[in-house]
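What follows is a single structure, written as structure tokens, with notes after it.
The values are calculated or read from the model by the stated rules, or taken from the named source; none is laboratory data. All of these numbers come straight from a predicted model, not from anything done at the bench. Positions of Cβ are backbone-derived with ideal geometry, glycine not excepted, and every protein chain shown enters the neighbour counts. Each accessible area value is taken on the protein alone, full model and side chains, heavy atoms only, with ligands, DNA and RNA left out. Shrake-Rupley method; radii C 1.70, N 1.55, O 1.52, S 1.80 Å.
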2 protein chains.
Amino acid sequence: MPAISKREQIVSEALKLFYQFGFTATGVDKIITEAKVSKKTLYNHFKSKDELVLATLRKRDELFRNNLMRETERLGDSPRAQLLALFDVVGDWFNEKTFSGCMFINAAAEFSDADNPSHIISAEHKRLVCEYIRGIASEAGASNPDELAKQINLLIEGAIVDAHVCGNKSAAERAKRMAKVFIDLALD
Amino acid sequence: MPAISKREQIVSEALKLFYQFGFTATGVDKIITEAKVSKKTLYNHFKSKDELVLATLRKRDELFRNNLMRETERLGDSPRAQLLALFDVVGDWFNEKTFSGCMFINAAAEFSDADNPSHIISAEHKRLVCEYIRGIASEAGASNPDELAKQINLLIEGAIVDAHVCGNKSAAERAKRMAKVFIDLALD
DNA sequence: CCCAAGATAAACAGATCGGTATACATTAAG
DNA sequence: CTTAATGTATACCGATCTGTTTATCTTGGG
């Protein structure tokens, strides 16, 4: 058993390629070339390209939320500070040179049907992020943690779109200023 | 010259197909079949599929903004009411059964490179919508019309994402409640 | 050493991709 | 009527798509 399994190699490269070039536009031949595995190996691990897309989205969700939680808790020393720190974390993300929007928004764009498994996973990712925010809002003593979380989540989504479509790297700062208003309203 | 030109037929069908199934996933063969034209005719009017995509996005921008402006001005009898009516217009859009998110967010997802012509058109569309909002904010007497417009625009983007990815049809209502806070702050 | 598991490269299949070419039909203007 | 433009259908091109097959190589455990 190698340190990095073939399966992980494949998912790792698929992550980069799907994110940068899109799901439909990225062929399996490109993925196996970059991952340096044979086509047989890919189809040993995944029944189809669709299955690989799902596995890739699940991995992305894991990596993204782990990073979001780690960085948010590192930058914010109180629940209130953490709610604001969320915007600093996504702001840093916008400035990464590989930033290509939110992979789950992108997936929903390509797999528009709400019943599509990739679309469902994308919705689930958004739900989990929102749930994480709700937990912090609750700790912060918000009058209505669920509502505050949904407000903050909506501001983050808007900032992501502005950053990606319009290239507005300061979108997170505006969203943060807006969030502050709702946080102040919700905390006493 | 027919009442509806061949070119318009092609763009009209391309609009539906690109919007529902995505740009890369929709082949020109599918478009010509639906538009009931020959492939030669398509390539007489458009040099390439890429050119057709651009023409389709330009048409979508025209239709979308015309509808947004018409409905906003119909539903709101004052600049302040119009700023709020924006959210009613997009709320109705979310509830259309053909709703598949924002075509320009979708385009940016598939054509992630900021230099891609389709991406550039998408950014331009967002800029024009924001400019329209700024005009209303200005009429309303906002202290900083540009900032208010960008705030409202960000809320709209967030609502679109929530509506499409998570299927949250009431996203526009939350965004509207949030917008009210900033409108009240900006109009002394 | 031996063997099975899992890897490899490469050919192949059948469909579809964007785009071109050919040959014929329709149509409207001079 | 004639002609030029524009339409049609269809065949074709080479490339690429997802997925399968074949035949060979590597490797670790008993």
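Remarks
- Anisotropy class of segment A:75-115 from Cα gyration tensor, a/c 1.5 cut: oblate
- Here is how far apart the A:K30 label points are across copies: 1.8 nm, shortest first, using a point 7 Å from Cα toward Cβ.
- Accessible surface of chain B, 1.4 Å probe, proportion on carbon and sulfur as whole %: 50
- Other protein chain Cβ atoms within 10 Å, averaged over every residue that makes up A:15-26: 3
- Geometric descriptor of chain A, per residue, is 124 Å³ (volume of the convex hull of the Cα atoms).
- Checking the cross-link pairs A:K40/B:K16; A:K39/B:K16; A:K176/B:K169; A:K16/A:K176; A:K59/B:K30; A:K47/B:K30 against a 32 Å limit on the alpha carbon distance flags A:K40/B:K16; A:K39/B:K16; A:K59/B:K30 as lying beyond it.
- Taken per residue, the accessible surface of the protein assembly as shown reaches 46 Å², heavy atoms only and a 1.4 Å probe.
- Take every Cα pair under 8 Å whose residues are at least 6 apart in sequence, average their separation, divide by the length of segment A:57-186, and the relative contact order is 28 percent.
- Take each residue of peptide B:168-181, count the partner chain Cβ atoms within 10 Å of its Cβ, and average: the result is 2.
- The P(r) of segment A:1-67 has a tail past 21 Å containing 16 percent of all C-alpha pairs.
- Chain A and chain B together bury an accessible surface of about 3000 square angstrom, both sides counted, with a 1.4 Å probe and no ligands or nucleic acids included.
- Cα-based Rg and Dmax for the protein assembly as shown, where Dmax is the largest Cα-Cα distance (Å): 21.6, 70
- Label points for B:D115 are taken 7 Å from Cα along Cα→Cβ. From this copy to the others they lie 4.3 nm apart, shortest first.
- With label points set 7 Å from Cα along Cα→Cβ, the inter-copy distances at A:T98 are 3.9 nm, sorted shortest first.
- For A:L63, solvent-accessible area (1.4 Å; no DNA, RNA or ligand), Å²: 80
- Rounded, prolate or oblate (a/c below 1.5 giving rounded, otherwise prolate when a/b exceeds b/c) for segment B:145-188 by Cα gyration tensor: oblate
- Computed [θ] at 222 nm, helices only, for the protein assembly as shown once each DSSP H run of length n ≥ 4 contributes -39500 (n - 2.57): -25000 deg cm²/dmol
- Note on A:L68: accessible area approximately 10 square angstrom, rounded to 10, probe 1.4 Å, nucleic acids and ligands left out.
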